[in-house]
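See structure below.
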Amino acid sequence: MLIVRNDIIPFDGFDAITIWPFVFVRYENFDEEDENHEGIHGRQQLEMLIVGIVLAVVLGISGCGWWSLFTLPIFFYWYLVEWAIRKVFCSGNAYRKTAFEAEAYDHQDDMDYLKNRPMFAWIKYL
Ligand SMILES: [Zn+2]
């Protein structure tokens, strides 16, 4: 993961955002645990990018043309839809309860987690 320290991305009020392979950091005290948290998001995004590529190929073969490329950022669509559903229908902090965040917060203090993490481990947090 390539860490990009700056004052623009993410928006004010957020500390860091991962857009694989980059981690944009606005937060002064970005530490090893934060890096591990964002690394888990990086792995999740990579998995979902593979899903998006498979969908793009299937849709492309099916005649959808360049529109099929809209499947590539499927991680972000899933994140936003799950957050919105949890915001409307569930109590508590919708952000922390999304499967991607729940996995990242659960394992951010385990520095060996990414070495042993099963693929699509976030699914069990749905
Ligand atoms: Zn996170």
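Details
- Enumeration of residues in the stretch 88-122 that are away from the ligand (no atom under 16 Å from the Cβ) and surrounded by 12 or more Cβ atoms within 10 Å (Cβ to Cβ): M111, F120
- The residue that is least open to solvent (accessible area, probe 1.4 Å), counting only those in the stretch 1-22 that are within 12 Å of the ligand (Cβ to nearest atom) and within 13 Å of the chain's Cα centre (by Cα), is T18.
- Filter result (buried (at least 17 other Cβ atoms within 10 Å of the Cβ) and either under 27 Å from D31 (Cβ atoms) or away from the ligand (no atom under 16 Å from the Cβ) (or both)) within the stretch 70-81: T71, I74, F75, Y79
- Restricting attention to the stretch 23-58 and to residues that are farther than 24 Å from I123 by Cα and of a type outside the set (D, E, K, R), the residue that is farthest from the ligand (Cβ to nearest atom) turns out to be N29.
- Selected residue [touching a Gly at 6+ places or on another chain (Cβ under 7 Å) and assigned to a helix (DSSP H, G or I)] from L46, L114: L114
- Flag for E82 being within 17 Å of W122 (Cα to Cα), in a helix (DSSP H, G or I), touching a residue at least 60 places away in the same chain (Cβ under 8 Å) and within 17 Å of the chain's Cα centre (by Cα): no
- The stretch 73-117, residues that are within 23 Å of V51 (Cα to Cα) and polar (S, T, N, Q): T98, N116
The values are calculated or read from the model by the stated rules, or taken from the named source; none is laboratory data. The structure displayed is predicted, hence computed values, not measured ones. FYI the Cβ positions are ideal-geometry reconstructions off the backbone, even for glycines, and counts take in every protein chain you see. Surface areas here come from the heavy atoms of the whole protein model, side chains and all, with no ligands, DNA or RNA. Shrake-Rupley method; radii C 1.70, N 1.55, O 1.52, S 1.80 Å.
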